[in-house]
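Below is one structure, written out as structure tokens; the observations come after it.
The values are calculated or read from the model by the stated rules, or taken from the named source; none is laboratory data. This one's a predicted model, so the numbers in the text were calculated from it and none came from an experiment. Glycine also receives a Cβ, built like all others from the backbone with ideal geometry; neighbour counts cover every protein chain displayed. Calculation scope for accessible area: heavy atoms of the full protein, side chains included, ligands and nucleic acids excluded. Shrake-Rupley method; radii C 1.70, N 1.55, O 1.52, S 1.80 Å.
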Amino acid sequence: MRKSKTLLMTAVLMLASASVFAQSGRVVHVIDGDTLDMLTPDKKEVRVRLLEIDAPERSQAFGNRARQGLAELCAGKQAVLKATDEDRYGRTLARVYCDGVDANLAMVEQGLAWAYRRYAKDPAILTAEQEARAEQRGLWVDKNPTPPWEYRRR
């Protein structure tokens, strides 16, 4: 009994640690409205894709404004990542907190990114999009903005 309980606890801890890990560092470059580069204390540069959101592409309407918005939130600031995985491009997928501000949520609240419904799990992000849309903040001033995933598909 004791051995099986120990094995179960070990398995639970391994799964928990594998699903979310924290990293910290300083944001050194903002690529676009949902991607940035962070420099860790050991001088490793990490490319990060903000989890659960999708910002307009730079060549798309509001793309430059989205990049500027993320830069205002994070550029040059200390960031903490609650990372879950890497995407197929090798970017770390994470919830990003810049000087304590949830950048993923803030981008959606400001109307500078969509809730990426395909991956969104946090109901606060979905609610933030509904509120930004209702108040016509950011990209929601357009009557029918094109989601980035549709724009990329074209």
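For a protection proxy built on the mean count of beta-carbon atoms within 10 angstrom, sort 86-92, 116-122 highest first, please.
116-122, 86-92
Here the Debye sum runs over all C-alpha atoms of the chain as equal scatterers in vacuum, and log10 of I(q)/I(0) at q = 0.19 Å⁻¹ comes out as -1.12. Among 58-67, 145-154, sorting by the average number of other beta carbon atoms lying within 10 angstrom of each residue, highest first, gives 58-67, 145-154. What part of the accessible area of the chain, given as a whole %, is carbon or sulfur when the probe is 1.4 angstrom? Summing carbon and sulfur atoms, their accessible area is 53 percent of the total for the chain. Spin-label model, A22/R133: points 7 Å from Cα along the beta carbon direction are separated by 3.4 nm. With contacts taken as Cα pairs under 8 Å and at least 6 residues apart, the stretch 56-154 reaches a relative contact order of 24 percent.
Taking a probe of 1.4 Å, how large is the accessible area per residue of the chain, in Å²? Each step should come with its number before you reach the end.
On the way: 9170 Å² over 154 residues.
Normalised by residue count, the accessible surface of the chain is 60 Å².
For the chain, the longest principal axis of the alpha carbon atoms and the long axis of helix 2-19 meet at an angle near 20°.
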